[in-house]
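Scroll down for the structure; my scribbles are underneath it.
Derivation of every value follows stated rules applied to the coordinates shown; laboratory data play no part. All of these numbers come straight from a predicted model, not from anything done at the bench. Here the Cβ positions follow ideal geometry from the backbone for every residue, glycine too, while neighbour counts run over all protein chains shown.
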Amino acid sequence: MSLTLHDAETLITAARRAADAAGVTVSVTVLDAGGHLLAFRRDDRAVLISGETSTRKAYTALQLNAPTADLVDLVKPDGPFHSLPTALDRPLLFIAGGVPVHRDGRLVGAVGVGGGAPEQDHAFATTALQELPRSR
């Protein structure tokens, strides 16, 4: 089962609603299982770089099939993935705010949020997942 445009809109709406409730302006990116852009929204007042960070967070969560919040320590100088951000020519970003989307046990995409503090972005993304039926 794949991630649909309707699913992507649900994720974006839920993440932005959570951010609005916290008084934070964000960008939200949803990628499909192939890493292709499915949907994107940037709040008019969000910093421009939040669009790039939300997309890179989603891509990283998708490629490693893990929330970016769980990966931050792995790329520190003493971590097992410390060279990964520079070893590959890929848009990876190891900052909290990206989460993979699963359906029926399969990876179907990812959502990334940028614009708030990393912990806030992670919370907005995970809150959005709760609005998506059959995801975890």
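Descriptive notes on the structure:
- Taking the numbered list (1) closer than 21 Å to GLY34 by Cα; (2) touching an Asp or Glu at 6+ places or on another chain (Cβ under 9 Å) in turn, GLY115 passes all entries but (1).
- The set of residues from region 62-89 being surrounded by 13 or more Cβ atoms within 10 Å (Cβ to Cβ) and closer than 22 Å to ASP32 by Cβ comprises LEU62, GLN63, LEU64, ALA66, PRO67, THR68, ALA69, ASP70, LEU71.
- Only one of ALA18, ALA33, ALA46, ALA58 that is touching a strand residue (DSSP E or B) at 6+ places or on another chain (Cβ under 6 Å), crowded, with 22+ Cβ neighbours inside 10 Å and touching a residue at least 24 places away in the same chain (Cβ under 8 Å): ALA58
- When region 90-110 is limited to residues that are over 12 Å from the mean Cα position of the chain (by Cα) and in a loop (DSSP other than H, G, I, E, B), the one that is nearest to LEU38 (Cα to Cα) turns out to be PRO91.
- Against the conditions (1) aliphatic (A, V, I, L, M); (2) within 16 Å of ASN65 (Cβ to Cβ); (3) part of a strand (DSSP E or B), VAL113 satisfies every one except (2).
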